[in-house]
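Just passing along the structure, written as structure tokens.
The values are calculated or read from the model by the stated rules, or taken from the named source; none is laboratory data. Because the structure is predicted, anything quoted here is derived from the model rather than measured. Cβ placement follows ideal geometry from the backbone for every residue including glycine, while neighbour counts extend to all protein chains displayed. Accessible surface areas use protein heavy atoms only, side chains included; no ligands, DNA or RNA. Shrake-Rupley method; radii C 1.70, N 1.55, O 1.52, S 1.80 Å.
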Amino acid sequence: MPPVFAHGRLRLYLLKLLDEAPRHGYEVIRLLEERFQGLYAPSAGTVYPRLAKLEAEGLVTHATEGGRKVYSITEAGRAELADRGGELADLELEIRDSVSELAAEIRDDVRGAAGALRREMRAAASATATPVEDASWAAAKEELRKAKQEWKEQARRAKDESRRAREEAQQARRQAKEAQERAREEVMRIAGQLQDQFAKSGGMLGNLAGSWLGGSTGGTTGSAGGTGAAGAAADSHWAEDLAPTGDPARDLDRLLDRFRDDVRDAARDHGVTPARLAEVRAHLAAAADRLAQTLRPSR
């Protein structure tokens, strides 16, 4: 028999079933049997250990109702299901193929049994001298009829399941693509908002540099006198807790360390995007140029 689920795929399908609704273990087994039109039913020893492992990983949780555990998917489980949307679509196709292969095996078994039964019936007919059908002959014919009917019914169910799985896989692919597009648009929208806010406020590094240098650092935020009285006021209090050591070079190193720490704290608290990094680079270039001019001996 071909494997119904490839390695790791039953775990993904269990998350899908629990995403549809909370279920207890027996219900999960019954649903899997229905999805395979009765051609496959996993054992409790297959399903329950996987549910326990999913719960240990924080992807599902359970509540006890009527003495039975009812499993529900967690937000972490939904996140994994969303990240593996394309893989889930492929899994639906694999299930369709598995149903088809299982139906083919059953069909071959039925054909083989029917062929063997016909041969036995012919041998029995040729061995007897009477044309009267006895009870065993009638029973054999009935068994053959039932076998043919069962094969036709299973083939029909397999065909219906194959069509349904194909449609669900196509729908899952469309939904995954739409979700990716929505996520991309949302990221672009948020990035645009952050970039606009950053430009309006002068940027986190522009504020820090303006506070330290007593004015705008240039770049995208304006001229050197852009901060005015507010920049000068901030400059008078920034790093005032660093008492002079009497060594100007050492004091400069301490100020640079404080500046670097403030910038890193701001980046950690607010995040760094490509747009912010570009503006930070401009502020750093302007600050470095202004510092170099300040430290350069006057002529």
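Output the number of the condition that S126 fails; it satisfies all remaining conditions of (1) modelled with pLDDT under 70; (2) under 28 Å from R9 (Cβ atoms); (3) not aliphatic (A, V, I, L, M).
The number of the failed condition is (2).
Quick check: is even one residue across the stretch 46-58 modelled with pLDDT under 90, of a type in the set (S, T, Y) and either open to solvent by 60 Å² or more (accessible area, probe 1.4 Å) or part of a helix (DSSP H, G or I) (or both)?
yes
Evaluate the following for G77: is it among the small types (G, A, S), at pLDDT 90 or above and on the phi > 0 side of the Ramachandran plot?
Values: among the small types (G, A, S): yes; at pLDDT 90 or above: yes; on the phi > 0 side of the Ramachandran plot: no.
So G77 fails the test.
State all residues of the stretch 9-29 that are closer than 21 Å to G66 by Cβ and in a helix (DSSP H, G or I); if no residue qualifies, say none. It would help to see each step written out before you state the result.
Step one: list which residues in the stretch 9-29 are closer than 21 Å to G66 by Cβ, which gives 17-18, 20-29.
The answer is L17, L18, E20, G25, Y26, E27, V28, I29.
Which is over 21 Å from the mean Cα position of the chain (by Cα), charged (D, E, K, R) and at pLDDT below 75, of E94, E153, E101, E161?
Values: E94 fails: over 21 Å from the mean Cα position of the chain (by Cα); E153 fails: at pLDDT below 75; E161 fails: at pLDDT below 75.
Of E94, E153, E101, E161, the one residue that is over 21 Å from the mean Cα position of the chain (by Cα), charged (D, E, K, R) and at pLDDT below 75 is E101.
A further question on this structure: Return a yes/no flag: does the stretch 256-275 have any residue that is on the phi > 0 side of the Ramachandran plot, part of a loop (DSSP other than H, G, I, E, B) and modelled with pLDDT under 85.
Checked against the condition, which is being on the phi > 0 side of the Ramachandran plot, part of a loop (DSSP other than H, G, I, E, B) and modelled with pLDDT under 85, the stretch 256-275 yields no hits at all.
Listed here are the residues, each with its yes/no results for (1) under 20 Å from the mean Cα position of the chain (by Cα); (2) of a type in the set (V, I, T).
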site	(1), (2)
Y48	no, no
E55	yes, no
V60	yes, yes
A63	no, no
G67	no, no
S72	yes, no
A76	yes, no
D83	yes, no
G86	yes, no
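Restricting the stretch 266-299 to residues that are loosely packed, with under 13 Cβ neighbours inside 10 Å and under 20 Å from A249 (Cβ atoms), which is farthest from the chain's Cα centre (by Cα)?
Top of the filtered list is S298.
Here are some residues: D241, D265. Which one is among the acidic types (D, E) and farther than 30 Å from M188 by Cβ?
D241
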